[in-house]
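Inspection log for the structure reproduced underneath, given as C-alpha cells.
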Amino acid sequence: MKITLKYFGIIAEIMDTEKETITIDSKSITIEDLKSILNKKNSSINEQEYKIAINHSIADHNITINNNDVISLFPPFSGG
C-alpha cells in the first residue's frame, strides 16, 4: 500500500522534507504502526509531540490507515 505523508513545522525540519510517499507491505496499518515506521526513519521524531490527521481529519490511535490515505503530522500550536 502507498500513503502520502505531509509534515508541518518542526516535524518537517526533523524529517527533512515537507511531503513524501511511502510504500508499506500491508493492506492497512494502525497509527501506532505508522509511528514505529517514522521512528525507524528518524528517531528524533519521538522527542516531539504531534497530532496526526488522516485525510484532513484529526485521528485517534485506533484509526486504521489504508491505501492512498494522506497523513498529516502537525506539531503543537497555539492561537490567539
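Quick one: what pairs do we get from segment 42-53, first residue over 16 Å from Glu20 (Cα atoms) and free of Cβ contacts under 8 Å to residues at least 60 places away in the same chain, second polar (S, T, N, Q) and part of a strand (DSSP E or B), C-beta under 9 Å, 6+ apart or different chains?
Between residues of segment 42-53 that are over 16 Å from Glu20 (Cα atoms) and free of Cβ contacts under 8 Å to residues at least 60 places away in the same chain and residues that are polar (S, T, N, Q) and part of a strand (DSSP E or B), the close pairs are Lys51/Ser72.
For residues that are more than 19 Å from Glu13 (Cα to Cα) and of a type in the set (Ser, Thr, Tyr), scanning just segment 29-77, find the one that is nearest to the chain's Cα centre (by Cα).
Per the stated criteria, the residue is Thr30.
For segment 1-29, give me each residue that is without any contact (Cβ under 8 Å) to a residue 40 or more places away in the chain and closer than 12 Å to Asn67 by Cα.
If the condition is that a residue be without any contact (Cβ under 8 Å) to a residue 40 or more places away in the chain and closer than 12 Å to Asn67 by Cα, then Thr21, Ile22, Thr23, Ile24, Asp25, Ser26, Ser28, Ile29 are the ones that fit.
In segment 15-37, what count of residues is obtained for those that are among the hydrophobic types (A, V, I, L, M, F, W, C), closer than 11 Å to Leu73 by Cβ and at pLDDT 95 or above?
Count: 1.
The values are calculated or read from the model by the stated rules, or taken from the named source; none is laboratory data. Fair warning: this is a prediction, and the values are worked out from it, not measured in the lab. Cβ coordinates were reconstructed from backbone atoms using ideal geometry, including for glycine residues, and neighbour counts include every protein chain displayed.
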